[in-house]
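Quick notes on the structure that follows.
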Amino acid sequence: MNDNIENDSNSNQYILGHAEDELTRLEKQAELFAEGTETILAAAGISTGMRVLDVGCGAGDVAMLAGRLVGPTGSVLAIDRSDDALAVAGRRAAAKGFSHIEFAKRDIADLAGGEKFDAVTGRFLLLHFKDPTPILRGVASLVKPGGTVVFAEMDIGSTSATPPFPLLEKCVGWIVSLYARSGLEPDMGSKLYGAFRAAGLAASLKATCRIETGLDGGGLAYLVGTLQTMKPALIALGVATPEELDIPSLTQRLAADMTAGGHCVIYPRLIGAWART
């Protein structure tokens with residue numbers, strides 16, 4: 001089987017890397033999308049006693065959400081290709097008492113022909129592939145008959161604010177531009193249905209979004225953290241200038257504009273798609 005998540009002919013480099021700052025940013029991201037992700041996993045039927053495979057687990061947040069849903073009578077195998085990410089994920093899960101989650105450096109090809117799972121999960125993974133169809137077919141082959149394949153992705157470009165928030169729009173535009181120039185799909189959420197269809201999977205869909213009206217929700221801090229991690233690439237590609245990406249100044253300006261403008265910010269919608277095999 002060649003449908004492996006490290007297939008260089010299909011996958012793009014993870015442009016944000018796995019340095020400590022990026023893993024911290026992923027934890028903040030997980031906090032923002034935790035409720036929506038758990039809602040999607042539950043709607044997809046992830047439940048007590050199931051054996052789940054979480055692919056591209058990163059810092060382990062989706063694996064832990066699945067671990068909570070399946071409970072101690074179930075189990076989760078979470079895989080990733082980054083040793084650093086797996087080490088962080090393992091420590092975090094152990095600290096929270098998730099003894100029924102195993103983290104391992106493996107790919108889909110390693111699992112072919114072996115154990116079958118009740119469900120396969122993944123979040124913010126498919127946008128990294130030029131064609132997610134073989135990935136979906138590959139993971140579907142690892143699921144028992146009647147089992148579930150469920151993925152969640154966001155539409156970064158759906159971020160909006162009322163009244164208009166020009167600086168926020170500019171920041172989001174930088175991120176969307178970098179993803180597009182790097183060969184990634186910034187609005188993979190809306191493309192999940194088509195990707196599932198192309199893989200021969202009849203998808204059900206659910207969308208959630210996070211709304212904030214002040215500085216306490218963490219959304220702006222997450223945005224700035226993302227730009228901090230992306231800064232070298234944004235400058236190298238000419239998407240933004242070093243002056244525009246002066247993080248302390250940008251943080252202050254965003255906070256001041258948010259406070260003065262009384263904005264209602266709708267952060268990227270999170271879309272989940274799932275299908276029975």
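Would you please classify the overall shape of the stretch 69-117 from the alpha carbon gyration tensor, given that a ≥ b ≥ c denote the square roots of the eigenvalues, rounded means a/c under 1.5, and beyond that prolate means a/b larger than b/c while oblate covers the rest?
Details: a/c = 3.66, a/b = 1.18, b/c = 3.12.
Because a/c hits 1.5 or more and a/b fails to exceed b/c, the stretch 69-117 counts as oblate.
Given DSSP loops and a limit of at most 14 other Cβ atoms within 10 Å, what is the longest stretch of the chain that contains no such GluC sites (Glu not before Pro)?
Values: sites that count: Glu6, Glu115, Glu243.
Here the longest run is 116-242.
How large a share of the accessible area of the stretch 59-203, in percent, is made up of carbon and sulfur atoms when the probe is 1.4 Å and the other protein chains stay in place?
Numbers: 2920 of 5560 Å².
Here it works out to 53 percent.
Is the C-alpha gyration tensor of the stretch 184-272 telling us rounded, prolate or oblate? Criteria: a/c under 1.5 is rounded; beyond that, a/b larger than b/c is prolate, otherwise oblate.
Details: a/c = 3.86, a/b = 1.55, b/c = 2.49.
Here the stretch 184-272 falls in the oblate category.
Under the definition of Cα pairs under 8 Å and six or more residues apart, what whole-number percent is the relative contact order of the chain? Display every interim value, and only then the final one.
Numbers: 516 pairs, mean separation 62.9, N = 277.
So the answer I get is 23 percent.
Just to confirm, what accessible area per residue do you get for the chain at 1.4 Å probe, in whole Å²? Numbers along the way, then the final one.
Working: 11810 Å² over 277 residues.
With the other protein chains kept in place, the chain gives 43 Å² per residue.
From the residues Pro134, Gly219, Thr259, which one has its Cα farthest along the dipole of the chain in the positive direction, the dipole being from +1 and -1 charges on Cβ of Lys/Arg and Asp/Glu about the Cα centre?
Checked the options; the winner is Pro134.
By how many nm would the segment from Thr208 to Ser249 lengthen if fully extended, with 0.36 nm per residue of separation less the alpha-carbon distance? The partial results should precede the final answer.
Values: separation 41, 0.36 × 41 = 14.76 nm, distance 3.14 nm.
11.6 nm is the gain from fully extending Thr208 to Ser249.
Which of the aspartates and glutamates could be linked to Lys191 by a straight reach, that is with a Cα gap under 15 Å, when you skip same-chain ones fewer than 8 residues away?
Asp131, Glu153, Asp155
As a test of the formula, what do you get for the chain when each DSSP H run with n ≥ 4 contributes -39,500 (n - 2.57) and the sum is divided by the residue count, at 222 nm and rounded to the nearest 500 deg cm²/dmol?
Details: 9 runs with 119 residues, N = 277.
The helix contribution divided over the chain gives -13500 deg cm²/dmol.
First measure r as the distance between the Cβ atoms of Leu237 and Lys28, then evaluate 1/(1 + (r/R0)^6) with R0 = 35 Å and state the FRET efficiency to the nearest 0.05.
Working: r = 24 Å, r/R0 = 0.69.
Efficiency computed from Cβ-Cβ geometry: 0.90.
Is the stretch 29-114 best put as rounded, prolate or oblate by its Cα gyration tensor, with a ≥ b ≥ c the root eigenvalues, rounded for a/c under 1.5, and otherwise prolate when a/b is larger than b/c, oblate when not? Each step should come with its number before you reach the end.
Values: a/c = 1.44, a/b = 1.16, b/c = 1.25.
Rounded, because the longest to shortest axis ratio a/c is under 1.5.
If I stretch the segment between Ser177 and Ala256 completely, what's the gain in nm (0.36 nm per residue apart, minus their alpha carbon distance), one decimal? Before the final figure, lay out each step's value.
Numbers: separation 79, 0.36 × 79 = 28.44 nm, distance 2.49 nm.
Fully extending the segment from Ser177 to Ala256 adds 25.9 nm.
Which pairs break 24 Å Cα to Cα here: Lys28/Lys231; Lys28/Lys96; Lys105/Lys231? Walk me through the numbers on the way to the answer.
Numbers: Lys28/Lys231 18 Å; Lys28/Lys96 17 Å; Lys105/Lys231 29 Å.
Flagged as over cut-off: Lys105/Lys231.
Output the DSSP H helices from the chain with an along-axis C-alpha extent of no less than 30 Å and a mean Kyte-Doolittle hydropathy no less than -0.5. Numbers along the way, then the final one.
Values: long enough: 20-43 (33 Å, -0.38).
Taking the DSSP H segments of the chain (at least 30 Å long, mean hydropathy at least -0.5), we get 20-43.
What part of the accessible area of the stretch 218-277, given as a whole %, is carbon or sulfur when the probe is 1.4 angstrom?
Values: 1580 of 2610 Å².
Whole-percent figure for carbon plus sulfur exposure: 61.
Could you tell me the calculated FRET efficiency between Glu102 and Ala42, based on Cβ-Cβ distance and R0 = 25 angstrom, to the nearest 0.05? Intermediate results must be reported in sequence, preceding the final value.
Numbers: r = 22 Å, r/R0 = 0.88.
With a Förster radius of 25 Å, E is 0.70.
If you count the DSSP beta bridges with both ends in the chain, what percent of them are antiparallel, to the nearest 5?
On the way: 20 of 38 bridges.
Here the antiparallel bridges make up roughly 55 percent for the chain.
The values are calculated or read from the model by the stated rules, or taken from the named source; none is laboratory data. Model, not experiment: these values are computed from the prediction. As a convention, Cβ positions derive from the backbone with ideal geometry for all residues, glycine included, and neighbour counts pool all protein chains shown. Heavy atoms of the whole protein, side chains included, go into the accessibility calculation; ligands, DNA and RNA do not. Shrake-Rupley method; radii C 1.70, N 1.55, O 1.52, S 1.80 Å.
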